[in-house]
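Accompanying notes for the structure given below.
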There are 2 protein chains.
Amino acid sequence: MNPHFRPVALAHASRLLNHGPTVLVTSAHGGRRNVMAAAWSMPVEFTPPRIAIVIDKHTFTRELVAASGAFGIVLPGASQVDLTFAVGQSSGREQDKFARHGIAAAAGPVLGLPVIEDGCAAWLECRLIREPHAEDAYDTCFGEVVAAAADARIFADGRWSFRDDNAALQTIHHLGGGEFVRAGGTLRAAQPARAA
Amino acid sequence: MNPHFRPVALAHASRLLNHGPTVLVTSAHGGRRNVMAAAWSMPVEFTPPRIAIVIDKHTFTRELVAASGAFGIVLPGASQVDLTFAVGQSSGREQDKFARHGIAAAAGPVLGLPVIEDGCAAWLECRLIREPHAEDAYDTCFGEVVAAAADARIFADGRWSFRDDNAALQTIHHLGGGEFVRAGGTLRAAQPARAA
C-alpha cells in the first residue's frame, strides 16, 4: 500500500513500542471492523515479542478483539494527531470509523487485521493471549506480535531514526485532552563506566 | 528537597505516565535500596490510579519489591539520560547505586520509598497489587499510586507543559541501546466534529 513500508523482524518488534507512543488499535470480526486510539500500551517481552495494552471493556474494539482473538496496532505519525484524537472520541459501534474518516486500510499479512500505512510509522498484528483475570480486573490485554512493518524512512534495520526530514512520521505521545508531544530531539547516553 | 516540587492529586497521577516516558524504578527493604531504569510501564486505570510496569524477575529490584510490596517511579528529565542509562546497565545487588552515582534520594511521604527530585520531572509511590500470575508469566507488576509529586515548572494543575525553557526537565523515551528521544514539540489536535 505504501511503498516505504518494510517488514520488521519479530526480534525487533518490541522496539516499535519501547518509547511509549500513542497508538491506534484496529480490530475486525464477522464483517465488522474498528479503529480506536490507545495511549496505554507497552512491550512485556522481547522473545517471543509480547505486549500489553489497555482496552476498556465497554468499547466496541474490546468486543471485536474478544470475538476474533486478535488486534492490530498502528503507530500514527505526527501528521495524524487530528485523526488519532478523533477516532478516540467516538465509538465504532454505530458507524465504520474507517469510512467516516476516509482511512485507507489494508489487510495484515498473518491475521488479516486492518493495518494503516499512510501517514503512519509502523504497525503490528497481534494474537490475543487470553488472560481473563487481567482483562477483567485491569482491562489489560496481552498479545503476541506475529507480524510487523514500518516506514523505512523512520525505522529500518531494527532502529528508529528521528530526523528533521521525517518529522511528519515521528511518533506522538498523548498528554491528555487532545494535547500530544512528538518524540524528537535524539539524545545519546554516555556509555556507563564499568563497576569498579 | 527540590523547592519546585508540588504534590500531584491522585486523580491526575495517570497523566504523569500517559505519554510513555522511560522511568526509574526505586525500591527498598530491610535496610537495602535500589534504582533501575524501565522503559515498559503504563497506566491501567484512572480511579483509583493504577499502573503496570515490567520488572524482570531476575533483578534485585524485583526482589526488593516482592519483599516490601511497594515500588517508586521517578521520571528523569532530559538532563538525566546518562544516569538513566547507567542505572539500567548494572545491578544493585553488589553495590548501592545511589551512592555509586551520587544520587540524592529522599523518603516518599506515604511508603518511604526513595524518591529523586533533582533533574527529574516527577515521582510516584506505588503499593504493589499482588498478581502472581502476571508477575510470573509476563514480569508485569501492577501497582496503585498512593502519592505523587512533580516539578511545577513542567507539570502543574494536572497538566504537562513542554516549553523551550524547561527542555532539561522534559521526559525521555528510550529507543534502545542508550538512544533516547525527548518528548517535545507540543501538537494540539483539532476538536473532532460530532458524528452526523
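The values are calculated or read from the model by the stated rules, or taken from the named source; none is laboratory data. Predicted, not measured: the structure shown is a model, and the values here were computed from it. Note that each Cβ is placed from the backbone with ideal geometry, even for glycine, and that neighbours are counted across all protein chains shown. Accessible surface areas use protein heavy atoms only, side chains included; no ligands, DNA or RNA. Shrake-Rupley method; radii C 1.70, N 1.55, O 1.52, S 1.80 Å.
Report, ordered by chain and residue number, the lysines lying within cross-link reach of A:Lys97, taken as a straight Cα distance under 30 Å and ignoring same-chain residues fewer than 8 apart.
Filter leaves A:Lys57.
Over the Cα atoms of the range B:16-133, how large are the radius of gyration and the largest Cα-Cα distance (Dmax), in Å?
13.1, 38
Count, for each residue of B:133-140, the Cβ atoms from other chains sitting within 10 Å of its Cβ, then give me the mean as a whole number.
5
Pop out the ³J(HN,Hα) list for the range A:149-154 in order, Karplus 6.51 cos²θ - 1.76 cosθ + 1.60 with θ = phi - 60°, rounded to Hz; leave Gly and Pro as x.
In residue order, the calculated couplings are 8, 8, 6, 5, 6, 10 Hz.
Compute, for B:Met1, the solvent-accessible surface of its heavy atoms (probe 1.4 Å) with the complete set of protein chains present, and express it in square angstrom to the nearest 10.
120 Å²
Less than 12 Å Cβ to Cβ from B:Glu45, Lys/Arg counted +1 and Asp/Glu -1: what total charge do the surrounding residues give?
Net charge around B:Glu45: -1.
Using helices alone, I'd like the mean residue ellipticity at 222 nm for chain B: each DSSP H run of four-plus residues gives -39500 (n - 2.57), total over residue count, nearest 500.
Calculated at 222 nm, the ellipticity per residue is -3500 deg cm²/dmol.
A:Arg163 label points, 7 Å along Cα→Cβ, one per copy: pairwise distances from this copy to the rest in nm, shortest first?
Between copies, matching label points for A:Arg163 lie 3.3 nm apart.
Please report, in Å, the Rg and the Dmax of the range A:97-142, where both are computed over Cα atoms only.
When restricted to Cα atoms, the range A:97-142 yields Rg and Dmax of 13.9, 36 Å.
Per residue, how big is the convex hull around the C-alpha atoms of the range B:149-196? Give it to me in cubic angstrom, could you?
It comes to 141 Å³ per residue, whole-number rounded.
Axis carrying B onto A: which residue of B has the nearest Cβ, and how far, whole Å?
B:Gly20, 1
What is the local net charge at B:Met1, summed over the other residues whose Cβ is closer than 14 Å to its Cβ (Lys, Arg +1; Asp, Glu -1)?
Residues close to B:Met1 contribute a combined charge of -2.
Just report the Cα centroid separation between the range B:142-193 and the range B:72-113, whole Å.
19 Å
Placing one identical point scatterer on every Cα of the range B:96-190 and ignoring solvent, what is log10 I(q)/I(0) from the Debye formula at q = 0.13, 0.21, 0.24 Å⁻¹?
Reported log10 I(q)/I(0), two decimals: -0.66, -1.24, -1.23.
When only alpha-carbon atoms are used, what values of Rg and Dmax, in angstrom, describe the protein assembly as shown?
Rg, Dmax (Cα atoms, Å): 19.8, 66.
What GluC sites (Glu not before Pro) does the range B:90-152 have in DSSP loop regions with at most 10 other beta carbons within 10 Å?
Sparse-neighbourhood loop GluC sites (Glu not before Pro): B:Glu94.
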